[in-house]
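All remarks here apply to the structure that follows.
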Amino acid sequence: MHLSLNSQILITFARLFYQTTSKDRMHYCFIINNEPSKAGNADKIQAQIDKIDTPLDYQIYKTTAQKTATEFVKEYCAENPDKETCFVACGGDGTINEVASGMVGAQNKHLAVLAYGSGNDFIKYYEGKDFLSVENLVNGTAHKIDILKVNNDYSINVCNFGFDSVVASTANKLSRKGNKNPYRWGIVKAIFCGRFNRIQVKADGEDLNPGKRMLLCTLGNNNHVGGEFFCSPRAKNDDGLIEVCYCKTTTLMGFLGMLKVYTLGNHLDDPKVSKHFIYRQSKTVDVHSDKQIELCLDGEMLAGNDFHIEIIPNAISFIIPN
């Protein structure tokens, strides 16, 4: 069958149109934290989706309990290995962690964020970017980033322990009770019972402070914890390295004196404060405590005595909003 010139032109145009819009047909899966306090977020997101000129291929999944987002993403990736999909974590650091944990090792999958959570430390790494716009997300750029593996769990932002984990554990409990300043009250408790920790920390096999007590240690893939603390100021989430900031135990006055410097992220550069820190960049960290402790993984607690932490380079394709 011979086609007319006009028919051939139309077919060619149709093929080109399909090719240029194929990326717009990426499947978007909006994963929403379904806590009662966040019930209105689904409507806000749906309203934004409806305003986009090009119709999205999308679905909305609402979590029913902790870790259900991880299981959902794992099952989806196993059932749709070749389908290009963007999982949009609609919540805070806990939701981002759950979604990212389910994606590790999957192909043709991307992570994006709509920051509808109460704790949004992860996105502070991308200063000036708008993480509340669906349209900016759809027009964003994919970039490979690292993730920390902690035993059989993951941390995409920061893993911290010692003083920090006492703060986080207390803050989590107070937050569930509706306390408006849970992290600050967590600090108050940790001042009295979280400053003298017998925890062994090895970075790439090097024992950082053998036989001595420590105040805290942060293992950074990103920079911030607790909403305001610039804990890992030199961390880069795409360099294949763990940013290790180990702080030795100090007096109460010494701790209070360094708190503002630590909050602003100047603790590695201020001579009066940096003398209390041991700084390393490593690929692995091993943590041991005779007494059971908790590690804080992106705000969630993991209990145990022994932990092996390693960096997995280029583990997640992250969409940076336009």
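All of the numbers you see were taken from the coordinates with simple rules; none came from a lab. Just so it is clear, the structure is predicted and the values come from calculations on it, not from any experiment. Heads up, the Cβs are rebuilt from the backbone with ideal geometry, glycines too, and the neighbour counts pull from every protein chain shown.
Numbers below:
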| quantity | calculated |
| --- | --- |
| Mean Cβ count within 10 Å, highest first, over the residues of peptides 114-121, 84-91, 313-320 | 84-91, 114-121, 313-320 |
| The stretch 152-179 and the stretch 188-232: distance between their alpha carbon centers, rounded to Å | 13 Å |
| Cα lying deepest toward the dipole's positive end in the chain, options S155, F318, N139, charges on Cβ | S155 |
| Angle between the chain longest axis and helix 252-264 axis [Cα atoms, degrees, rounded to 10] | 20 degrees |
| Which listed pairs, of K51/K83; K62/K283; K144/K202; K83/K177, have C-alpha distances above 31 Å, in listed order | K62/K283; K83/K177 |
| Placed amide H near G91: partners under 5 Å, 5+ positions off or other chain | L114, Y116, G117 |
| Antiparallel DSSP beta bridges within the chain, percent to nearest 5 | 75 percent |
| Sites F192 and N314, calculated FRET efficiency, Cβ-Cβ separation with R0 41 Å, nearest 0.05 | 0.45 |
| The chain: calculated mean residue ellipticity at 222 nm from DSSP helix runs of at least 4, using -39500 (n - 2.57) | -9500 deg cm²/dmol |
| Proximal charge balance of S133 [Cβ under 12 Å; K/R count +1, D/E count -1] | +1 |
| Spacing of the two label points (7 Å from each Cα toward its C-beta) at N322 and I60, in nm | 2.3 nm |
| Rg to Rh, two decimals, where the stretch 155-312 supplies the alpha carbon set and Rh follows Kirkwood | 0.93 |
| Helix 93-103 axis, angle to the chain major axis (alpha carbon atoms, nearest 10°) | 60 degrees |
| C-alpha long axis of helix 41-51 to longest principal axis of the chain, angle in ° | 30 degrees |
| Space enclosed by the convex hull of the alpha-carbon atoms of the stretch 26-139, per residue, Å³ | 99 Å³ |
| Radius of gyration and Dmax over the Cα atoms of the chain, both given in Å | 22.3, 89 |
| Spin-label pair D82/N152, simplified geometry with 7 Å Cα→Cβ offset, distance in nm | 3.2 nm |
| Ordering of 256-266, 278-288 by packing [mean C-beta count within 10 Å, highest first] | 278-288, 256-266 |
| Amide H contacts of Y28 (H built 1.01 Å from N, under 5 Å, at least 5 apart or other chain) | D57, Y58, Q59, C86 |
| Nearest-0.05 FRET efficiency for A142 and K44, computed from C-beta distance (R0 30 Å) | 0.75 |
